[in-house]
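Reading through the structure tokens given below for one structure.
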């Protein structure tokens, strides 16, 4: 490790578990700092797509995942080092609870020596709030646990009660009262899409004003960040034009995936299966995941786009599709009410929406001697007549994961793969082979 360190204030916003309000607090703090004239950037621990959209809206800056399963530590360090050179403050939102998961928030905070504040949903609690805080702090002595922040507080009196029970006033960073006017609704595994939320800007500014009245807004936590060796990517996709579906139905795209495609030499363009009737001039198509089930009428009625995709497929041009993108290429998608909707018909299969989560896990894919990492989460199940090409595995247990298909020039699965974990495999999805 080089000694050429860069210093920048940073904080990890973690929690006692899921649904504590980490994203709300992180976004509110980010917006407060931005409104105060600071350049602020946010990162997200873990593999999810939804919370980063809110953080990106709050900061106006791209949000990258920091996940020690999908990324190696050199990549994580470089993300933070580059951010420390460009921004005045770094916010890292945690994953689930502080110590949860194989790629936990505590692990990241320990490795990178970033201090931690835990958000706790304080509904129905007073002194117990601080018992939970004590447990979070004392469970591991290797992290710099600064203290806690209370969310969903019922009233100013409740806030004062919580503050009065703090054995160390310096470790209690304040409270955020319940405020229906600033509520951000959730869906599935996170908050709703930022672009769907009318009045999100107003809500964030209101929350920012509230956070601005707490100690959280006046953090001074300079951290040292160090660069790691950077691997130059071979131009495996030099001048390859990739058209990427990107709209409200297809929006689960890691920013790092786009970066690595460009680093490999690809030229990226974008189109909307919801709105557009044609696909931009390209050599390959990337259909990411998202929420096709929420836009079925538009997808069904856009017959021109389905014809475009069919022509592309039958001409043998490369297509890479994951999760919602794969579902869009099926013969049909049946919604939670049992209504069948005609999709593009490129894959001999059918998808069915379920009311409960069907899969949630880290997985890794071994393909022709190469390994790529990623994750899966979906509320649908699919029946595909095509023979699978291979199958992903769960990295900890080695048990079977999602099927992976190669149908002519189409690669598809439920997996959300993290492209930087294997540049060679990434390139293979977008080239004729």
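Just a few scattered comments:
- Residues in the stretch 255-292 that a label on residue 341 would reach, taking backbone N under 12 Å of a point 7 Å out along Cα→Cβ: 274, 291-292
- Value of relative contact order over the chain, rounded to a whole percent, pairs C-alpha under 8 Å and six or more apart: 14
- Antiparallel DSSP beta bridges within the stretch 7-225, as percent of all bridges there, nearest 5: 15
- Stretching residue 241 away from residue 177 to a fully extended chain increases their span by 18.1 nm, per 0.36 nm per residue minus the current alpha-carbon distance.
- For the stretch 321-433, share of DSSP beta bridges that run antiparallel, in % to the nearest 5: 80
- Distance-filtered residues of the stretch 202-220 - backbone nitrogen under 18 Å, label point 7 angstrom along residue 170 Cα→Cβ: 215-220
- The simple Förster model, with R0 at 45 Å and r as the Cβ-Cβ distance, assigns residue 6 and residue 206 a FRET efficiency of 0.85.
- The stretch 1-45: C-alpha gyration tensor shape, a/c 1.5 cut-off, then a/b vs b/c: oblate
- Label zone at residue 269 (point 7 Å along Cα-to-Cβ), backbone N below 20 Å, the stretch 308-331: 308-321
- Our helix-only sum for the chain, with -39,500 (n - 2.57) per DSSP H run of n ≥ 4 divided by its residues, gives a mean residue ellipticity at 222 nm of -8000 deg cm²/dmol.
- Global form of the stretch 241-429, assessed from the alpha-carbon gyration tensor, a/c cut-off 1.5: oblate
- Shape of the stretch 187-314, Cα gyration tensor, a/c cut at 1.5: oblate
- Take the Cα of residue 301, step 7 Å toward its Cβ, do the same at residue 127, and the gap between the two points is 6.1 nm.
- Within the chain, percent of DSSP bridges classed antiparallel, to nearest 5: 45
- Centre-to-centre, using Cα atoms only, the stretch 338-384 and the stretch 42-117 are separated by 27 Å.
- For the pair the stretch 5-33 / the stretch 120-158, the C-alpha centres are spaced 15 Å from each other.
- GNM flexibility winner over the chain from 401, 199, 290 (Cα, springs under 10 Å): 199
- Protection-proxy order for peptides 350-357, 254-261, each taking the mean of Cβ atoms within 10 Å per residue, highest first: 254-261, 350-357
- Relative contact order, whole percent, for the stretch 241-429 stands at 20, derived from Cα pairs under 8 Å and 6 or more residues apart.
No value in this document is a laboratory result; all are computed from the given coordinates. For clarity, every value in this text was computed on a predicted model and none was experimentally measured. Neighbour counts run over all protein chains shown; Cβ positions are idealised from the backbone, glycine included.
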